[in-house]
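Take a look at the structure below.
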Amino acid sequence: MKKGIVIGGVLVLALASAIVLPQVLRKKPVIEEAPVPSVEVQKMEPGTIILYRSLVGTVEPSDVVYIYPKAAGEITDVYVKAGDVVSEGQAICKIDTKQVESARLSMEAAKTALDNANSTLARQQALFAAGDIASATLEQVQTQARSAKIQYDQARLNYNYQVEFSNITAPISGTVEQCDIEVHDNVAQQSLLCVISGEGSKQLTFSVPEKVVRQLSVGEAVTIEKNGMEYQGNITEISSMIDQNTGLFKVKASVESGDALPTGSMVSLSVVSDKETDVMSLPVDAVYYSGGNAFVYVCQENKVHQVPVEVGIYDSQRAQILSGLDQETLVITTWSSELFEGSQVNPVEPGQKALADEVQADGEIAE
């Protein structure tokens, strides 16, 4: 009986050892600490932020003239066509105004009257010298001669005007942009005969609202784009009066090397719409928003803190900081899932985050 009890006790002890011993010998798991993330930090920097507005403008020649007849009549000759290059004074067309011949006859009649008056004056002067006529008679003849001279000058001037009105010439040298007249066309004084663009550079006309016109100044650069080509220009004229048709201010700009731009074509351009100089700024990606309120993450003693800020203007690269930070504050400029109030971070200079992450990864592998 005792032998059976002993054997039973031995079995119980062996079973207990089989259960407890593995638990004692098993190693306790090592709890690894999460690595501290590296974040890039930097202070605010002074600089200039410029905002641009995209607009549409119309290409025009720097010098352009619109030729209208000074008298109505029938077109008898046309000497040019669109695309021709003309010189100043070159004939464009001829108009039968029905007045040239009449003016010529009037001038010839006045010339005959003047010749007769001068002949009479010569005879009377000879008679006066001989003492055959009184001075009053001579003065009367002299007055008649002067009057005949004035009438002739007027008739000749009118004839020259009528010839000028009939023979249309180019007032400037350049290219004929438009000429839609044909022989036998009847034109009035309000009929456009021809458009000539000067040989100078092209210019650009565009319109801007009041908010933008305040930012523009004569001489300021503009960038023009057409068919994948980029041109540079400068503002030459800014209207101070609102265009009643558009409600905008008209602006003109010169275009450098813009001879390839067709007159009248539409181009895209960009002008400065807002500009702030010597302002404190941060990378725009470092600014976050919550409920419309801006804030940044800053690093103080290797801990993250969320700080509200007031943002001014910003472009795709930089954002103006109006208030909330001082110039010595280290602002976190890279995002991490560990960015929350009081979290631990490893601050590094801009451009060093990748290197810090690589060093940290190598250290974990070595362990």
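The values are calculated or read from the model by the stated rules, or taken from the named source; none is laboratory data. The shown structure was predicted, so the numbers you read here are calculated from the model rather than taken from an experiment. Every residue, glycine among them, receives a Cβ derived from its backbone with ideal geometry; neighbour counts consider all protein chains shown.
If the condition is being closer than 30 Å to Gln162 by Cβ and either at pLDDT 85 or above or not in a strand (DSSP E or B) (or both), then the range 189-226 contributes Gln189, Gln190, Ser191, Leu192, Leu193, Cys194, Val195, Ile196. Being more than 30 Å from Gly89 (Cα to Cα) and loosely packed, with under 13 Cβ neighbours inside 10 Å: is that true of Thr143 here? Yes; evaluated as a whole, the condition is true for this residue.
Report whether or not Leu261 is assigned by TED's automatic domain parsing to the domain that holds Glu349 and either crowded, with 18+ Cβ neighbours inside 10 Å or under 24 Å from Gly47 (Cα atoms) (or both). If you could, list the steps in order and put the result at the bottom.
Details: assigned by TED's automatic domain parsing to the domain that holds Glu349: no; either crowded, with 18+ Cβ neighbours inside 10 Å or under 24 Å from Gly47 (Cα atoms) (or both): yes.
Answer is no for this residue.
Would you mind stating whether Phe249 is in contact with a Pro (Cβ under 9 Å, 6 or more places away or on another chain), among the aromatic types (Phe, Trp, Tyr) and buried (at least 18 other Cβ atoms within 10 Å of the Cβ)? Against the criterion (in contact with a Pro (Cβ under 9 Å, 6 or more places away or on another chain), among the aromatic types (Phe, Trp, Tyr) and buried (at least 18 other Cβ atoms within 10 Å of the Cβ)), Phe249 qualifies. Within the bounds of the range 295-304, is there any residue that is of a type in the set (Phe, Trp, Tyr), outside the structural domain of Lys43 (by TED's automatic domain parsing) and at pLDDT 90 or above? Checking the range 295-304: not a single residue is of a type in the set (Phe, Trp, Tyr), outside the structural domain of Lys43 (by TED's automatic domain parsing) and at pLDDT 90 or above.
Of all the listed residues (Met241, Met280), the sole one being in contact with a strand residue (DSSP E or B) (Cβ under 9 Å, 6 or more places away or on another chain), outside any loop (DSSP other than H, G, I, E, B) and farther than 26 Å from Ile50 by Cβ is Met241.
Residues considered: Asn167, Asn160. Of these, the only one that is under 30 Å from Val85 (Cα atoms), out of contact with any Phe, Trp or Tyr (no Cβ under 6 Å at 6 or more places or on another chain), without any contact (Cβ under 8 Å) to a residue 60 or more places away in the chain and not assigned by TED's automatic domain parsing to the domain that holds Thr58 is Asn160.
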